[in-house]
Every structure is written in structure tokens, then in C-alpha cells.
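Structure record follows, encoded as C-alpha cells.
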Amino acid sequence: IVVLSGVLVLLRGSNRLGLLVISDNPGSKLQNRTETFWNHLEFQLLHFFSSVLLWASLLWVSAFVEELDDSFIETKHPDELWIIKFYTPWCTFCKQLDPVWHQIGSELRSVGSPVRVGESDATINTALAKEFRVRSYPAILMLKNDVKYNYAGQRTKDGILDFTDRISGPLVRSLGSRQLFQHAMRRHDVMFVYVGASSELKGNYTSAAEELIVHTYFFSASRDVLPKGVALTSLPAVVVFKDGTSFSYNAEHDGDLKSWILRERFPTFLQIDSYTLYAMGESGKLVLLALVEGRHLSDESLRYKDLVEKVASNHKEAYSRSFYFGFMEGSSYIDGLIMGELTVPSLIVVNLSNDGYFLPPGPVKTERHLLDFLNGVLDGSVESLGGNGFMQRVKRFVYETKITLTPLFREAPELGCLLLSIPLIIGAIFCYLCLKNRPNLTQDQDGTTPQEPSPPRRNKPTHKKQE
């Protein structure tokens, strides 16, 4: 573009010199027309070259993402690392993820990562999608040593890159110095660390890491690289570092190690989105949420948020085994859960294991009021709403149908009426055919008219006893 622009300037300058010789009048019509021509030509050429550069850059970025077909399983090497996105042409979320996916491919290639980035159209490569049991779109998974790891986090560049780094690296990462340990603590909000030599606990820790590596990192370290304030009564031990403190796993008190890691893998108080809330449901804990505005928080929102954080911090020992604590911006996701509209700001306890929820029976003005609410949830004195019973499922089906059809009727009422009438017409035709093919009880099978029925014969009395 620079060279061609220079040539264009030289040609334009040569033309101006020629015009000075041809015309003595600088403002002549010939000179004005020629200037207009050169301006238009320069604009068109620069626009063309810019478009070529843009397309070339897109092709360059797209070269880092490989399109996969049904032959992928047979052609790939077992030692290859892959992160794959399954998409469909009609999926809106897939289209929104597409530029992010190409950025991921470019960044992984630029840092020399061994992870290869691929994508596959599930409507064309059905065998490949069936092999990996793809059910929803966009589906993101990673392959390592022929083991599949599903990604269930936010569809963001940072979230997917963190997942890629977690899976592609060692299952348990060794921290051999205090510098490495401090660097890891600055980078991660929650850290699980095994301390000690080989033992049965280490085997259980490794087994848990194989399954839960999709959620969090796992580390190991010797006792001398731990921070000075960490006191361990015995070794080996599994220690979790979060919220500026640390505590060890106790098999008698905490139960199964994997379940304990699932419960403790979140900070005590955090901002919660829909993906995080769904992941929290896997632990079986309840979630206390302060629903606040998205940007400019009102005084009431700030009060609710501070109240939840204070309870999470001051009463951690009493409630951490039963509750997660956090805040969520907006109420759209919760509105779908409760099948209604919840005012913002407000407080709610969510039970993701059965789609249930609890609302405060009265105003929550103080910390004592919030503690009474939590105690009522635990002892059953606060009514549980929602759930996944039969009637709730029917209600949810009606609600989701209404939510789906309302925008359609608002934007295209003719199309909405047409789509709604199709199942009604099919049902009416089906009923008509069933009634038409129903056997005629007023005629015999040979077509003769029915005769008047004869009076029933009276049975002769008998002396035998009958039951």
C-alpha cells in the first residue's frame, strides 16, 4: 500500500506539471476536472488496498483455527493436544463466539503453545459430534491423551485460555521455591496444595485432580516453601489457600476429599454470574445472593452487598459448610429460575440441586435479620419455593413457551400466528381422522340394520349358595 500510494503521488505530481504547461489558467475547467478525477481515483485505490489488507489479516488469523471433519478421529495423533469448538450455522451464540475463537487460535500460536485449535460444524460432521456426545452449542472441549475435558465456563477469551492452560499443563504442579509459591498465590484466588511425601492421601489427591482439573488448579509443595504463618499439625496434608487465610482438610470432619474440594473451590464472597451459579450447584450448597444493579449501585444495593459480605466473613465457621455468599448484577437469570420478576435490589437463597429458592419473610435491615433468615432456611421454618416437581415442570414449560413466543408475536405477529396454528391444525386433523375411522356401533359388520334387542332371559333359581 505504501509503494502504490507513492506511485500514485508521483503520477499525480507529473500530471500537475503537465497541466501547468497545457493551461495558463490555474482555475481552468480542464484542471478542475483532472483534479476531481485524481481525487476519486486515489480514494478508490486506497479503499481497495485497505479491503485487501483487512481480508488478508482475517485469513492470517483464520489460519490458526483448523476446520475438522469426521475423519479427525482416525487422522489425529494420540499425543496431540486439541481444543475444539462444535457449532451450528443457526446458533447465535456460536456466531458471537467466532471472533473470540480466532483470537484464541492466534494467541496460542504466538506464544508457541502445543495446543492446536479446531472447530467443526456439527450439522455436517455428525459422526464427530456423536463421538464426543455433543448435545448443546457452542460446545467446547479439550483432548489430552485421548481424554475429553468439557468446558463449562464463561465464553470469554480469558476464561477459555485459562482452561486451556490448566488442562494442557501438569495435573499437579510442583512449587519448588517460595518465589513460585508467592507468584501462584498472587495469580489464583483459591489454591489447593498437597504437602508431604507419597501416601494414600496423595493418591486420593491425584485422583481428585484427574476429575476436577476442569474446575481448578492443583499444586504440591514441600513444607519449607509455605508461608511462615501456615502451621500444619501433621503431614501429609492438603491445604486450601483463599480469602487471605488457609486451612487443612480433615477426613473425619470434612468427609470425602473430592467433595471437600468441590465445596471449597470458590472464595467465601464473590461476584456470581450464571456459569458460576450453575457450577456451585454441583456441590450441593445453597447460595445466598444479593441482587444489585448492573452499574451504578443504589444505597440499598450497597447495603445488601455489604451485609452479605459481612455475614460471609464474620460467620464463616457457622455457615460455610451450607452456603456460598455473593452478589449478582441484574435479576434476569434469577427471574427465569423463579418464573417471575424479582425486584432489584433484593436477597434470595437459591438451591440449584432442585431449582428451589427461599425469600426473606420480612425486611432485612440488620445482620441479625439476615442470620435469622439463614437459620430459618436451615431448620425449615422458611418456606421453600419452586422445585422440580411435576406441577413445577408443567409451570416451567408454560413459562418458557410464553417467554419464547412473546418476542416473536411482538416483532412478527403474522409469523407467530402461523407457527402457533400449525400444531393446532395437525391436532384437529388427527382428531378428525380418529373420529372418521371409529367403528359404527349402530350397524353390524355385514351392513344389516340392527334389530330390537330381546328381553334378557331370567335365570332359573338355584339352591346352591353363591358368593
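The values are calculated or read from the model by the stated rules, or taken from the named source; none is laboratory data. Predicted model only: the values in this text are computed from it and were never measured. Every residue, glycine among them, receives a Cβ derived from its backbone with ideal geometry; neighbour counts consider all protein chains shown. Surface accessibility is based on the protein's heavy atoms, side chains included, excluding ligands, DNA and RNA. Shrake-Rupley method; radii C 1.70, N 1.55, O 1.52, S 1.80 Å.
Taking label points 7 Å from Cα along the Cα-to-Cβ direction, E200 and S322 give a separation of 3.2 nm.
Separation of the range 244-320 from the range 158-198 is 22 Å, based on Cα centroids. Taking 0.36 nm per residue of separation and subtracting the current Cα-Cα distance, fully stretching the chain between T366 and S332 would add 9.6 nm. The magnitude of the dipole of the range 170-265, with charges of +1 and -1 set on the Cβ of Lys/Arg and Asp/Glu and taken from the Cα centre, is near 440 debye.
Using a Förster distance of 30 Å, how high is the FRET efficiency between R133 and S384, based on the Cβ-Cβ distance and rounded to 0.05?
Numbers: r = 34 Å, r/R0 = 1.12.
My answer for the efficiency is 0.35.
Projected label points at A428 and S353, each 7 Å from Cα along the beta carbon direction, are separated by 4.9 nanometres.
Full extension of the chain segment joining T92 with S313 gains 75.5 nm, where the gain is 0.36 nm per residue of separation less the Cα-Cα distance.
Would you mind estimating how fast the range 170-265 diffuses translationally, via Stokes-Einstein at 25 °C and 0.890 mPa s with the Kirkwood radius over Cα pairs, in µm²/s?
Details: Rh = 13.4 Å.
Translational diffusion coefficient: 183 µm²/s.
Tell me, what % of the accessible area of the range 269-386 is carbon and sulfur with a 1.4 angstrom probe? The partial results should precede the final answer.
Working: 2620 of 5580 Å².
Carbon and sulfur: 47 percent of the exposed surface of the range 269-386.
With a threshold of 19 Å on the Cα-Cα distance, the over-threshold entries among K242/K316; K95/K144; K148/K242; K285/K402; K85/K157; K228/K258 are K95/K144; K148/K242; K285/K402; K228/K258.
In the range 170-265, Cα pairs under 8 Å separated by at least six residues give a relative contact order of 36 percent. When you work out D = kT/(6 pi eta Rh) for the range 67-167 at 25 °C and 0.890 mPa s, using the Kirkwood radius from C-alpha pairs as Rh and the Stokes-Einstein form, the result is 179 µm²/s.
Return the FRET efficiency for the residue pair S177, D243: r is the Cβ-Cβ distance, R0 is 25 Å, and the value is rounded to the nearest 0.05. So the FRET efficiency works out to roughly 0.55.
Annotation for the range 129-214: trypsin sites (Lys or Arg not before Pro) lying in DSSP loop with at most 12 further Cβ atoms inside 10 Å of their Cβ are R133, R135. With a cut-off of 13 Å, note down the residues of the range 276-297 whose backbone N falls inside the zone around a label point 7 Å from the Cα of D256 toward its beta carbon. Backbone N within reach: 282-284. Of the Cα atoms belonging to the range 269-386, the radius of gyration and Dmax stand at 12.9, 36 Å.
For E300 and M391 in one chain, what is 0.36 nm times their gap in residues minus the Cα-Cα distance, to one decimal in nm? Please report the intermediate quantities before stating the final value.
On the way: separation 91, 0.36 × 91 = 32.76 nm, distance 3.52 nm.
Gain on stretching E300 to M391: 29.2 nm.
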